[in-house]
Amino acid sequence: MIRRTLRKPGVRILPIAVLISLAMPASVSARSPQDVRTLATKVADILAQFPAASSEQRDRLAAQMLALGDPGVAEFVRRLVPVGAGNDTAVRFAVNAMVVYASRFGGESDRAAAERGLVSALGTASDPEVRAFILSQLRPVGRDEAVRAAAQLLASPSGGTGPSLVEPSTQLMLAIHSASARQALVAALDKTAGADQVTVVKALGELRVDEANARLLALASAPGVPIRKSVLGALARIGNPASHRVLAGAARAADYRYEPTNATTALLEYAKRVGEKGDVAACEKICRELMKKCTDPERLPTSSAALAVLVDYRGHDVLPALIAAVDHRDRDYRHAALRLAEGLTGVAAIRQWSAKAQKVDPERRAEIIAMLGRQGDRRSLALIRSSLAATDSRVALAAAEALAHMIGAEANVDLLPMLKSRPAGDARRVADILQWTTDERHLDPLVATLDTLSPEAKAAAIGIIGAKGGRRFAPQVFAVAGDTNPEVRAAALGALAGVAGAGDVPQLLRLLESASEPAAIADVQRALVAAAAQVQPAQARSNPLLEAMTTSAHAERIIEVLPQTGGTGALAAVVGQFDRPEPAVKAAAFKALTDWKGIDAADRLFAICASADATYRGRAFAGFVRQISSSSLPADQKLLQLRRALPLASTLDERRAIVRAVERLKTFQAFLVAASFLDDAQLAADAAGAVMRIALPTAGARDGLTGTVVRSGLTKALQALAGPESEYDKENVRTYLAAMPAGEGFVPLFNGRDLSGWKGLVENPIARAKLTPEQLAAKQAEADARMRANWSVRDNAIVFNGSGDNLCTTRDYRDFEMIVDWRITKGGDSGIYLRGTPQVQIWDPARTDVGAEVGSGGLYNNQNNPSKPLVRADNPVGEWNTFRITMVGDKVTVFLNGLKVVDNVTLENYWDRKQGIFPSGAIELQAHGTDLAFRDIYVRELSEAEYRLTDEERADGFVALFNGRNLDGWIGNFGGYKVEDGAMVYDPKAGNRTNLYTASQYADFQFRFEFQLTPAANSGVGIRAPLEGDAAYVAMEIQVLDDGAPVYAALQPHQYHGSVYGVIPAQRGFLKPVGEWNSEEIVARGSRVRVTLNGHVIVDGDILEASRNGTLDHQQHPGLQRMQGHIGWLSHDSVVKFRNVRIKDLSGGKTD
Amino acid sequence: MNKKTNRRQFLGRTALATAGLMIVPRHVLGGSGYAAPSDQLTKAIIGVGGMGRGHFDYEGRLLAVCDVDRDHLDAALAAAGKDVKGYTDYREVLQRADVDVVHIATPPHWHALMVVEAARAGKDIWCEKPMTRTIGEGIRVIEAVNQHGRMFRINTWFRFKDTFYGLGTDVKPLKKLIASGVLGWPLKVTVSGTTGYDWKFYWSGRTDLQPMPVPPVLDYDMWLGPAPYKPYNPERVHSKFRGYWDYDGGGLGDMGQHYLDPVQYLLGKDDTSPVRVDVDAPQQHYDAAGSWRRIEFTYADGCRVILDGENRDTDAAYIEGPHGKIYRGFRSDVPDLQRLLETLPDPEPQVETFSESVRTRRKFALNEMNAHRSCTLVNLGVIAVRLGRTLHYDPVAQRFHDDEAANRLIDQPMRAPWVL
C-alpha cells in the first residue's frame, strides 16, 4: 500500500480517529494495562499459541505466563490431564516452555516462580502420570522446594494408585543433587521396600551419601540379586572404610568373575573411591590383591582395571608394575598396560622404558616403542632412533612408524637411510611410511639417494616419486625406465604417469613401441594419457598418437589410449581399426570402443552386440549399458536405450546391469521398468533396491515419486529388500510410505493385455454432442466393433493394422499429465489427440515432402499458435519414443525423449476455430495409415489443488490457492477481481476497493505467487489479516508497488516493494520491468518474515525485533502481534494481476 | 589354559610377524583354503531388531543373539542357523567365555550400560551409533573401555572408507587437502541437502501418545531399561524410538554421528569439542523429538560446523576456508585440485577392520575416544535444541558454562536398578 497522503513528499496526515483506533489494537498483549480479560481467557489465549515456532516466541509466551503470577502458573498446570483422558498437549508444551525459559542463566526469580508453581501443582494433582510429568519438569528448575515436595512422595510411596512415584521423585533428587536431596533420600531408605528401596539405594550410592552407609551395610545381606547389587554398588561409591570387609567378601564369593551382582566391579569401584578420598594405601592393597587373583584370561580385564585404578592414584609409582606387565604372556593385558603407560610421561619413565626395551624379546620391544611413539614425548626419540637399526624387523619398523607419527616429514632424514640399510621387505615397508610423511616438495633428498639404493629400495623410492607427482624428476625416472633390474624398471614405468608432462609424449610413444611386457605397456599407456592431458589445445591431444599409429608395429597399444585422449578423428580411426583383420588390432579397437568417453561409440557397440559376434557380444553389451548410463542424455532417452538393449541381454548379469542402470533414473517409467523385475526370483533383490532408490527422494531433494502404482511397487519391494543395510532401507521405505500424500498419481490407461478402457471413435466431439443417447449408443457399438478389427494388442503394445478410426479412452480428461511410448515404421504418421482434438504430431522426419523434417511432438493443427516442435528429438524410425504431455487449461507442454519440444502452447480447437479448446475430452491415439505401436500409457489427472504446482512443490506439500478459472477459495471483493487468462486481475474501476482474501487462515506459511504491475501500480499482500480493517496496521502488509515510478521518488525504504510496510525496509532493485511477470515468495514463521523477489531475498527480519523500539513509520502496528489470519490482495487504485498462487502451511508440521 | 586362551593365542600367531605395527589388508592374510583370522573371531549380537540384523553380515562367527522381543529373537534365530543360541537377558550373553566381540544394536538408551558391562566382562565391543544418549554416558564408556583394556568400534565408517555422501569421494583426499593448509583456517563446514546430506526429520516423534497394552512378545520393562517409565505405545519402540528424547535424538540422533564424525576427523578435533552451540528450532516437545532449522557449532579456534536443516544456504560449500572451498561432488575453486592432491603427503593410516584391531590391540579408526567426541556433537545439538538457546561448553571439563539446566542434561539419571 501507499497511502494517498504519503504521495506528497514530506506530508504525513492521518485522521485523528484512525490514530486512536490504531492505538487500541484488537489483539491485546497480556501485559497491556487495558487488559480486561479474565485469567482463564488470558491462559487460553497463551495456550492457543503453543507450540511456539521459535525459541523467541516460546520465551515471549513463557514470560507472559510468568507475568500472570502464581495464580496464573497454577491455572496452566491445573489444565494437565492424565494420559488417555484428553489432549493436553498445548499445556505440556506451555509448562515445558516455562521451565526451560525460567532455567536460563540469570533468571533466578523466574526459576523460583516456576519451581513454586510446579511444587504447588504437585500437591494438588492426583494422577500419578501427571505427577510424574510435573516431577520431570522440575528437573531444570528444581532446588530445595522441589526436594521438599518430592521428599513427601518418597515418604509415602504407596500413597495413591498406579505406578510408584518413587522413581521419578528419586530421579529429581539425582538431578538436583543438593544436601537436602541427600537427606531426603536417607530418610526414604527405611520407608521403602522392594523395587522402591532398590531405587533409593542406588541413588544414595550415586550421590555418595555417607550418612546412609551404616543402614546400607545392614542391607548387604538382604536376599535377592537386585537389592544386593544395588547395595554393593552404593557401598562402593560411598567408599566408607567400614564397607571394606563386606565388599571384599562379596567379590571373593563371586570368585572375582563377571556375575549378576557385579561384586567384583563394586570392589574395584570402592578401591577407586578410597583412593579418591586419600587413602591410597588401602586403594593399592585392594588393586594389588585383585591383580594377584585375576590372572587367568577370563579375569585379566579385571586385573587391567585394577592396574588402571592404581595408575590413577599412585601415578608414576605404578611404573614398575606396568613395566613388569610387559613380561605377561597375554597380549591383551600387555597392551592394556602399555595404554596406561602412555599417560605416565617424563624423562624418568622414558629412561626406565628404554632400559626395559633392552631386556625383552623383540616382539615386546616393538610394543614398547609403539607405545612411546603414541606418547609422543620427543625425549624418547633417542631410543626410537637407535632402534631403527635393530636387526629384528618388528623393532625397526615399529621405530620407523613411531618416528613418522611423532615428527612427520622430519623423520625422512632417518627413514631414507633405511631404504638402503634394511632388507628388501623392510625397505618396502619404510617406503609405505614415507608415503605419508613425504610430499612433492620433500622429494629432493629421496631422489638424491636413488643411486645408492639396492634395486628393491630404489624401486620403492621411485614409486614414491611417482605417487607424489614429482614432475621435476621426470628425467631421473625416464633414465631408469630401461634399467636392467626388472623391479626398478617396473617401478619407473609405474611412476611415469605421475611425472610425465606434455613434452614427454614423443618419448612415451617410443617407449610404448619398444615395451614388451603387458604391465609395462599398461604403465606407459597410463603415462601417455597423463602426458597427453597436458597438451594444449585439448583437440590436438590425439594427433601425435594418430600420427604414430600409421607407422607403429603395435597400433593396438595406441588404440587403447585413444578413448582417454578422445576426439572425432580418434573415434573414426578406432572404428576403422575394428574392421581390420589383425586380431590384436581388432581387439584393441573394440576395447577402445567400450572405453570411449561419451556416447559417440554407443551405436557402434549396439550393432556389435546385435550382430551375434560371440567374441565381442557380451562386452559390447556391457559397454553400451555403461556408456548410456554415464552419458548426459535425458533420463527418458536413457531409459529407452536401456530398454532397447534389454532383449539383447542373454545372462543374469546382463539383466542385472540393466536394473542397476535403470535404478539411477528417477522417473516414473524407470520405476515401472525396475518394478517389472520384482517377479524375477534372481533379480528381485536388485529390483527392490532399484525401486526404492527411484521412488524415495534423494538427499536434500524433493524428488520422491507418489501415487497408487508407486505405493504398490514399494510395498512389493519391501519383501525383497536384502543385504547388510536392508533394515535401514526397509525402515526408510515404510516411513516414506506412511508419509506419502494421498492421490492416485499416474494410473495406467493400458493394461498390457487387452483394450479395456478404450473405445472406438464416434464422429468429432461437436457432432457427437448433437446425437441423442440412443443414436450415440448405436454408433458407439459400431465404432467399437470397427475398433476391435483394426486395433489389437501384441507384445504388451497397442498396435494398429493400418485402416479405421482413432482409439479413444472411455473416459474424458480435463487437466492431466500423460506418458506414452510410441513407435512408427518408415513413412509413418500418427498423433495423440488431446480432449478429442488433434493433435500432438507423430511422423517420420524423412517425409520432407510434408515438412516432417521438423520432427514429432508439435501441435500440428495450430494456426495462430506455434505448431512446430522446438527441436527435433525423434529416435530413428522403428525405435521407441517417449512423450510426456502436460495439458493444463488450454496450454500444452510436450517432452519428446526427454527434450522439451512444446513449451506451454495454446492448443487451438480444430473442430471449431471460433471457440477455445474443450474443457474436457477423451485422449485418442490417431489412426493414420501405417503400422503404429503404443505402449506404457499412463495418465495423471491434475486436480485443481495441484494447479500449476511443480513436482517439487507438490512433493513438498504446497497446494494451489487459485485454480486458474474462478475465485473459488477466496472471499471478499468479487466485484473488483476477475479471472482472465489464468490470472486474477484487479481493476479499480470494476468494483469497490475492498480486499480479496483467502477463505482459510494461516499462521506460519510459505506463500508463492506471481504478479504483474502497471505503471506506478500500488497494491499489497496482507498476511495474518482479519477480514476487516486496514491490513497494514491490524495485520501486516507486504508492499507491492512499482517503486521505480517517478511519483515515488521520495519513498522511504520501508515503503519499497516487498517491505513489511512501515516496519522492515526492503532492498530495492529486483522488480522486473513493468508489464513482465514477477515471482515472489513470502515466508512467515513466528515473528520472522522473509520476502524473496525474483530469486533475491529482499526482506529477512523479525517483526518484533524491528518494532521493539517503535516502528520506522512511527505508527502503531498492533497487527504485528497477530499470529494467524487470512492472506489477501490489498486493493488500491491500480490494475494489478496475480497468478500461480500457492502455499505451504508451515504450521501443519507442528505436533497436534 | 582354557579353550579361550588357545583361540586367542592362535589369533595372535596368525597375524603377520609384524603384528601391531603395520596396517595389513585382510586379503594378505588369506589365501586359498585358509580361514582368515577375522573369521575365527566369535561374536554375539544384542538387539536384533532393525539395526541388529545388519550385524549378521559383519565379520566374526555368530554364537549368540539377544532381544527382549520374542518375535525379533525368533526371526533372528531362524535366520542365524543351528549353532546360534538365543537370549533375552544380555547379561547372560556377557557371561559366555567363548564370545570375543559383543555387538550392541539396541536403541541408544541402552548403549552405555551394555558397553560398560561388556567391558567388565572382558569383551571387545562393536556398538551402533549414536554411541551414547548423553555426554556423561560417553565419558563413562571411555573410562570402562580403557580400564579394562578393550577394543571398541562404533558402527559408522565414513572417516576411513566409502564414498562420503554427497562428496563423491572418500574422506582421505579431503583430509590431505585440509591438512595441507591450502584452504586456510579456520574452516566452516556445512552439512545440509545442498552439500549432499539428508536430515531425516521423519524421525520426529508423536505427542499425546495414548497408553496401549504391551504385546505379550515384548518385555517392555526390559526394553525401557534405564529410560524413565512411560506407558507403552507402539510408537515408542522398535523402528520408532528415535523420535523420543528418552531413547535417542530424532533425526540428529539417527544420522548425526554418520555425518559429523568425519567432520571432527577432518577438522582435527578428535580430542576436543565445540565451545558454543547456536540453534534455531521450533519449540520442542518434552518427550517427542522434532525438527530444527539450524544448529551451529563453533570451536575455540573459530572453526564452525553448520547443520542447515532447511537448506537455507543454497550455495553453501561443504568446506569453506579463507582461501578455498570444497563443494558437493568434490568440486572446488582451488585451481588444479587433482594435481595438487597428487603432490601432498597421505594421511597416517588407520586400522580399518575391527578384527585387525582385536588381533593387534591397535585402536580402531573410530574408537571410544574419537567416537565420544563426535557423539558429543550429536548430544550438544540435542541439548541445545531441547533448550532452544545458545550454549557455551567447556570441552575439557565437559560441562556447560552458566547453564545448570543444560548441565542436568549431561548426566540424566537412569531408572533403577540400572546404573553405570
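Residues that are open to solvent by 30 Å² or more (accessible area, probe 1.4 Å) and within 14 Å of another protein chain (Cβ to nearest Cβ) within the stretch A:464-478 comprise A:ALA467, A:ARG471, A:ARG472, listed in sequence order.
In the set B:GLU352, B:GLU348, B:GLU356, B:GLU342, only one residue is under 30 Å from B:TYR58 (Cα atoms) and without any contact (Cβ under 8 Å) to a residue 60 or more places away in the chain; that residue is B:GLU348. Of all residue pairs spaced 6 or more apart or on separate chains, those with beta-carbon atoms under 6 Å, a first member in the stretch A:429-455 that is at the interface with chain B (Cβ under 9 Å from one of its Cβ atoms) and a second member that is open to solvent by 20 Å² or more (accessible area, probe 1.4 Å) and among the β-branched types (Val, Ile, Thr) are A:ASP439/B:THR343; A:GLU440/B:THR343. Selection of first residues in the stretch B:244-260 that are farther than 19 Å from B:ARG294 by Cβ and of second residues that are of a type in the set (D, E, K, R) and assigned to a helix (DSSP H, G or I), restricted to Cβ pairs under 6 Å at least 6 apart or on distinct chains, gives the following pairs, ordered by first then second residue: B:ASP248/B:ARG242.
Kindly evaluate B:LYS325 against the criterion of being at pLDDT 95 or above, more than 20 Å from B:ASN146 (Cβ to Cβ) and not in a helix (DSSP H, G or I). Yes; evaluated as a whole, the condition is true for this residue. Within the stretch A:529-607, considering only helices (runs of 4 or more DSSP H) that don't extend past its boundaries, which have at least 3 residues that are touching a helix residue (DSSP H, G or I) at 6+ places or on another chain (Cβ under 9 Å) and open to solvent by 10 Å² or more (accessible area, probe 1.4 Å)? Here the list reads A:543-551, A:555-559, A:568-578, A:583-595. When B:GLU352, B:GLU348, B:GLU310, B:GLU342 are checked against the criterion of being part of a helix (DSSP H, G or I) and either open to solvent by 10 Å² or more (accessible area, probe 1.4 Å) or within 10 Å of chain A (Cβ to nearest Cβ) (or both), B:GLU342 stands alone in meeting it.
Checked against the criterion of being away from chain B (no Cβ under 14 Å), among the polar types (S, T, N, Q) and assigned to a helix (DSSP H, G or I), the candidates A:THR706, A:THR715 yield just one match: A:THR715. I need the full set of residues from the stretch B:358-399 which are of a type in the set (Ser, Thr, Tyr) and at pLDDT 95 or above, in order please. If the condition is that a residue be of a type in the set (Ser, Thr, Tyr) and at pLDDT 95 or above, then B:SER374, B:THR376, B:THR390, B:TYR393 are the ones that fit. Could you tell me whether any residue of the stretch A:336-353 is over 19 Å from A:LEU310 (Cα atoms), facing chain B (nearest Cβ under 10 Å) and not polar (S, T, N, Q)? No; the residues of the stretch A:336-353 include none that is over 19 Å from A:LEU310 (Cα atoms), facing chain B (nearest Cβ under 10 Å) and not polar (S, T, N, Q).
Would the stretch B:263-281 turn up any residue that is more than 14 Å from chain A (Cβ to nearest Cβ), in a loop (DSSP other than H, G, I, E, B) and of a type in the set (Lys, Arg)? Within the stretch B:263-281, one or more residues are more than 14 Å from chain A (Cβ to nearest Cβ), in a loop (DSSP other than H, G, I, E, B) and of a type in the set (Lys, Arg). Could you go through the stretch A:737-752 and let me know if any residue there is over 25 Å from the mean Cα position of the chain (by Cα), in contact (Cβ under 8 Å) with a residue 24 or more places away in the chain, farther than 30 Å from A:LEU807 by Cα and open to solvent by 30 Å² or more (accessible area, probe 1.4 Å). No, the stretch A:737-752 contains no residue that is over 25 Å from the mean Cα position of the chain (by Cα), in contact (Cβ under 8 Å) with a residue 24 or more places away in the chain, farther than 30 Å from A:LEU807 by Cα and open to solvent by 30 Å² or more (accessible area, probe 1.4 Å).
Counting only residues that are assigned to a helix (DSSP H, G or I) and either within 20 Å of B:THR376 (Cα to Cα) or within 12 Å of another protein chain (Cβ to nearest Cβ) (or both), the stretch B:138-176 holds 16 of them. Looking only at residues of the stretch B:393-420 that are of a type in the set (S, T, N, Q) and part of a loop (DSSP other than H, G, I, E, B), we find that the one that is nearest to the other protein chains (Cβ to nearest Cβ) is B:GLN412.
Listed by first and then second residue, the pairs linking a residue in the stretch B:92-111 that is within 12 Å of chain A (Cβ to nearest Cβ) and farther than 22 Å from A:THR261 by Cβ to a residue that is part of a helix (DSSP H, G or I) and not acidic (Asp, Glu), with Cβ atoms under 6 Å apart and 6 or more places separating them unless they lie on different chains, are B:ALA105/B:GLY52; B:ALA105/B:HIS55.
Just one of the numbered conditions (1) of a type in the set (S, T, N, Q); (2) surrounded by fewer than 21 Cβ atoms within 10 Å (Cβ to Cβ); (3) in a strand (DSSP E or B) is not true of A:THR882: (2).
Going by the structure shown, is B:LEU41 away from every other protein chain (no Cβ under 14 Å), farther than 23 Å from A:ASN732 by Cα and either open to solvent by less than 10 Å² (accessible area, probe 1.4 Å) or at pLDDT 90 or above (or both)?
Details: away from every other protein chain (no Cβ under 14 Å): no; farther than 23 Å from A:ASN732 by Cα: yes; either open to solvent by less than 10 Å² (accessible area, probe 1.4 Å) or at pLDDT 90 or above (or both): yes.
Criteria not met by B:LEU41.
Considering the stretch A:627-646, the residues that are in a helix (DSSP H, G or I) and open to solvent by 20 Å² or more (accessible area, probe 1.4 Å) include one that is farthest from A:SER611 (Cα to Cα), namely A:ALA635.
Just so you know, in the stretch A:278-309 the residues that are farther than 13 Å from A:ARG334 by Cα, outside any helix (DSSP H, G or I) and open to solvent by 10 Å² or more (accessible area, probe 1.4 Å) include one that is nearest to the other protein chains (Cβ to nearest Cβ), and it is A:ASP296. For the stretch A:769-787, a residue qualifies if it is over 19 Å from A:GLY921 (Cα atoms) and touching a Gly at 6+ places or on another chain (Cβ under 8 Å), and the qualifying residues are A:GLU782, A:ALA785, A:ARG786. Residue check: is B:ASP287 within 17 Å of B:PRO395 (Cβ to Cβ), within 12 Å of chain A (Cβ to nearest Cβ), touching a residue at least 12 places away in the same chain (Cβ under 8 Å) and in contact with a strand residue (DSSP E or B) (Cβ under 7 Å, 6 or more places away or on another chain)? Taking the combined requirement at face value, the residue does not satisfy it. Checked against the criterion of being under 24 Å from the mean Cα position of the chain (by Cα) and open to solvent by less than 40 Å² (accessible area, probe 1.4 Å), the stretch B:314-329 contains one or more residues that satisfy it.
The single residue among A:ASP849, A:ASP829, A:ASP815 that is open to solvent by 30 Å² or more (accessible area, probe 1.4 Å) and more than 20 Å from A:GLN669 (Cα to Cα) turns out to be A:ASP849. Across the stretch A:375-412, the qualifying residues are those that are within 13 Å of chain B (Cβ to nearest Cβ) and polar (S, T, N, Q), and the one among them that is most open to solvent (accessible area, probe 1.4 Å) is A:SER393.
Residues in the stretch A:189-247 that are outside any helix (DSSP H, G or I), polar (S, T, N, Q) and closer than 22 Å to A:TYR258 by Cα: A:SER221 only. For the stretch A:1088-1104, the count of residues that are over 27 Å from the mean Cα position of the chain (by Cα) and in a loop (DSSP other than H, G, I, E, B) is zero. Candidates are the residues of the stretch A:952-966 that are in a loop (DSSP other than H, G, I, E, B) and under 23 Å from the mean Cα position of the chain (by Cα); the one that is surrounded by the most Cβ atoms within 10 Å (Cβ to Cβ) is A:PHE958. Out of the residues in the stretch B:245-262 meeting the condition of being in a loop (DSSP other than H, G, I, E, B) and within 12 Å of chain A (Cβ to nearest Cβ), tell me which one is farthest from B:TRP110 (Cα to Cα). Across the stretch B:245-262, the extreme among qualifying residues is B:TRP245.
The values are calculated or read from the model by the stated rules, or taken from the named source; none is laboratory data. Note that this is a predicted model, so its numbers are computed, not measured. Note that each Cβ is placed from the backbone with ideal geometry, even for glycine, and that neighbours are counted across all protein chains shown. What goes into the accessible areas is simple: the full protein's heavy atoms, side chains included, and nothing from ligands, DNA or RNA. Shrake-Rupley method; radii C 1.70, N 1.55, O 1.52, S 1.80 Å.
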